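Down below is the structure, laid out as structure tokens.
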Amino acid sequence: MAAFAKSDVRQSLEAIRAQALAELAESSGLDQIESVRVRVLGRSGELTELIRSMRELPEHERPAVGQLANQVKREIEARIESLQHELRLRKLNESLAQTPLDVTLPGVRFFHGHTHPLTQVTERLLDIWAAMGFEVVATPDIEDDFHNFGALNFAPDHPARDMQDTFFLDGGLLLRTHTSNGQIRVMEQRRPPLAVVCPGACYRRDELSVRYSPMFSQIEGFAVDDFGKITMAHLKGALTEFLRAFFGPESEVRFRASFFPFTEPSAEADVRCIFCAGAGCRVCKQSGWIEILGSGMIHPNVLRAVGYDPERYAGFAFGMGVERLALIKLGVDDMRLFFENDLRFLGQF
Ligand code: PHE
């Protein structure tokens, strides 16, 4: 295309511009605008082709013409954009005018899941112990007789070892009846000083009822240090601190002498029944108090079983029922509700 001249290109550019702008001015819909865009600016559009053909111009003429071409292109693009914007806005306004938007209508509610109330309570309990310097350690649900009973100083004929209480598995294994196996598991592997809490599921052959469940959760805790450094006073102090943190400083708590094979001396802690304020009801078995934990100084035989010298080390231990604590804390009066998984119940927490 040797005859291709600068003036021709200029004319063509002006012509394209004039025509495109005129067509755009008359177009009344997005489709029309789009077809102008494709015809002029598309991959083989008029302007695109013309710009491509400018390669044939003598080199010194190219800059001036190139500048004009770019200007035309930008002008058409800008015009298209503003027209599109205008049209879209008009469409939106029209549709809003046709179907009025009632901003007072209630929104769509999404159902949000959350952790189970027992999980929430467990986390809170562990947080309190962690803040007091106790480390959280997981220990197994499936145990052998030694870790669940023998090392914990249960006599061979202790009734808790009975088929009535324990779920036995094949191969001499069983489902732990309490988290006290955690004491043995941790102490076997480590040396004092120790301050540990072991949360977990426990199993006993109980019928599901208002107060009992065949599967429930406990949190075991224990602290061991040099003999003389840990006493019953530390146990009572730690538990009182814990109960105040969990139930509030005004809650009423009492300690009662008790018995466990693996602690000596032993004590149980009760809190004032919140359901009857102490008057007596089915939850507290008419006593006015709800038992929430067992505790005591770790028995010398337990220390011996894990290879600790009881002349050299001493420790305290406690075990608390998570469901029992949750029941009181959340004001739920029936253990079964925690396991039925009725969303109407769970949704309240
Ligand atoms: N293991 C005991 C129970 O299940 C609770 C307990 C733990 C008592 C630690 C004393 C010390 O009832």
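Here is how the numbers come out for the structure above:
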read-out: Any hit, the range 319-336, residues being farther than 26 Å from Cys284 by Cβ and either within 15 Å of the ligand (Cβ to nearest atom) or out of contact with any strand residue (DSSP E or B) (no Cβ under 7 Å at 6 or more places or on another chain) (or both); value: no
read-out: The range 280-299 - residue that is within 16 Å of the ligand (Cβ to nearest atom) and out of contact with any Lys or Arg (no Cβ under 8 Å at 6 or more places or on another chain) and, of those, farthest from Gln218 (Cα to Cα); value: His299
read-out: So Thr240, is it at pLDDT below 95, more than 14 Å from the ligand (Cβ to nearest atom) and either out of contact with any helix residue (DSSP H, G or I) (no Cβ under 6 Å at 6 or more places or on another chain) or in the same structural domain as Asp309 (by TED's automatic domain parsing) (or both); value: yes
read-out: Any hit, the range 292-302, residues being surrounded by 15 or more Cβ atoms within 10 Å (Cβ to Cβ) and either at pLDDT below 95 or more than 23 Å from Ala155 (Cβ to Cβ) (or both); value: yes
read-out: Residue check, Met320 under 25 Å from Glu123 (Cβ atoms), modelled with pLDDT of 95 or more and either not assigned by TED's automatic domain parsing to the domain that holds Ser209 or not small (Gly, Ala, Ser) (or both); value: yes
read-out: Residues satisfying the stated conditions in the range 57-116, i.e. within 30 Å of Ile16 (Cβ to Cβ) and assigned to a loop (DSSP other than H, G, I, E, B); value: Leu57, Pro58
read-out: Subset of the range 310-341 [farther than 24 Å from Ala238 by Cα and not aromatic (Phe, Trp, Tyr)]; value: Gly331, Val332, Asp333, Asp334, Met335, Arg336, Leu337, Glu340, Asn341
read-out: Residue satisfying all of: in the range 172-210; under 16 Å from Gly321 (Cβ atoms) and surrounded by fewer than 19 Cβ atoms within 10 Å (Cβ to Cβ); modelled with the lowest pLDDT among these; value: Val210
read-out: Strands (runs of 3 or more DSSP E) completely within the range 169-261 that count 3 or more residues being within 23 Å of His116 (Cβ to Cβ); value: 194-203, 215-226
read-out: Hey, Thr263 within 16 Å of the ligand (Cβ to nearest atom), without any contact (Cβ under 8 Å) to a residue 60 or more places away in the chain and either of a type outside the set (A, V, I, L, M) or over 30 Å from Gly307 (Cβ atoms) (or both) or not; value: yes
read-out: Out of Ala245, Ala277, sole residue that is closer than 21 Å to Ile128 by Cα and either more than 28 Å from the chain's Cα centre (by Cα) or away from the ligand (no atom under 16 Å from the Cβ) (or both); value: Ala245
read-out: Odd one out for Arg176, checked against (1) in the same structural domain as Leu293 (by TED's automatic domain parsing); (2) among the basic types (Lys, Arg); (3) more than 14 Å from the ligand (Cβ to nearest atom); value: (3)
read-out: Matching residues, the range 214-229, being near the ligand (Cβ under 10 Å from one of its atoms), touching a Phe, Trp or Tyr at 6+ places or on another chain (Cβ under 9 Å) and of a type outside the set (D, E, K, R); value: Phe216, Ile219, Gly221, Phe222
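The values are calculated or read from the model by the stated rules, or taken from the named source; none is laboratory data. The structure presented is a predicted model; accordingly, all values stated were derived computationally and were not measured. Counting neighbours? That spans all protein chains shown, and the Cβs are built from the backbone with ideal geometry, glycine included.
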